[in-house]
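Step one of this worksheet: look at the structure below.
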Amino acid sequence: MKNLIATACNQKYEQFLYNDWLMSLKDNVNLNNTDILVIDFGLSSNILTKLKKENVLVKKANTKGNIVNARFIELYNFLINNNNYKNLLFCDSGDIIFQNDISKILNSKIKNFLVVCEDIAPPMSLVLKENNLDKTLINNIKSLLHNKKMINAGVIFGNKDSFISLLEFLINNLKNLNTWGLDQLLINYYLYKHGFEELEDIYNFIPTTHISSLTIKNGKLFKNNELIYIVHNAGNKSFFRPLKNFGYSNKNKIRLNRLLVYSLRIIYKIFNKRSD
């Protein structure tokens, strides 16, 4: 059976999707036994043509709502109608590049989920409101995740059956598909409840919330002199993204905004302390 690397994208990030996400994936990852799926939330005809020339599978999205939530419904519909996949990598598309081969993970026997936890958790409690989630579930999330390391939901490895169960949970509990941040909390709750294995942070390295030393040499990013497999320039808005000029096509121009990184870490720590 094949493996699948899946993501979702809209027109806003389509240039990054093609020039940086996809090209870094094809250049650095062995895809001999792996299909690539892009869930289309309004991509231009030009990008769609380019994706198809690269043999990328494209699924037109029909679900309305914030893409970070609606993509789970679309992925679920794809998986239940395609039985030829064993393991999956589901990841973001607008802020991730691949620098090394992850096929060893995809070709391994994944029992449940493989994810990376963050050293410093961003404040997520603001989205735990009763108009977004059931009150009982909110209390359960707060109780289970208290003092736990935050799993980053931007890169998730898992087997197909486990993914389908996770997606069913998300679909059944997402009241408001337009709320940012709910996916992170619900995935954390589900994975802490049902089990996961923690990967090294080189498989989803976020400069803001991972405290290991980051260096940039010849356009490549290293953690303590070890090449990072997946670089994740996470941030809800472009202002909060720690890597400037981020991408694969212009990798020699990438720079770390150290002041922003240190400032955000302080803000996160203060906010989380007040939320305890």
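Straight-line reach from Lys148: which lysines fall under 23 Å, measuring Cα to Cα and dropping same-chain residues less than 8 apart?
Of all the lysines, those that pass the test against Lys148 - Cα under 23 Å, at least 8 places apart if same chain - are Lys111, Lys129, Lys135, Lys193, Lys269, Lys273.
Heavy-atom accessible area per residue, the chain, 1.4 Å probe: how many Å²?
With the other protein chains kept in place, the chain gives 47 Å² per residue.
Fully extended, how many nm does the chain gain between Asn33 and Lys253 (0.36 nm per residue separation, minus their Cα-Cα distance)?
My answer for the length gained is 75.9 nm.
Quick one: work out the % antiparallel among DSSP beta bridges in the chain, nearest 5.
Counting only bridges with both partners in the chain, antiparallel ones make up about 50 percent.
Extension gain Lys217-Lys104, at 0.36 nm per residue separation less the Cα-Cα distance, in nm?
Full extension from Lys217 to Lys104 adds 38.2 nm.
Leaving out ligands, DNA and RNA, what percent of the accessible area of segment 2-203 is carbon and sulfur, probe 1.4 Å?
44
Run the helix sum for the chain: -39,500 (n - 2.57) per DSSP H stretch of 4+ residues, divided by residue count, reported at 222 nm to the nearest 500 deg cm²/dmol.
Rounded to the nearest 500, it is -10000 deg cm²/dmol.
Once every Cα of the chain carries one equal point scatterer and solvent is ignored, give the base-10 log of I(q)/I(0) from the Debye formula at q = 0.07, 0.09, 0.13, 0.16 Å⁻¹, two decimals.
Each listed q corresponds, in turn, to -0.23, -0.40, -0.88, -1.40.
The values are calculated or read from the model by the stated rules, or taken from the named source; none is laboratory data. Note that this is a predicted model, so its numbers are computed, not measured. Just the protein is used for accessible areas: all its heavy atoms, side chains included, with ligands, DNA and RNA removed. Shrake-Rupley method; radii C 1.70, N 1.55, O 1.52, S 1.80 Å.
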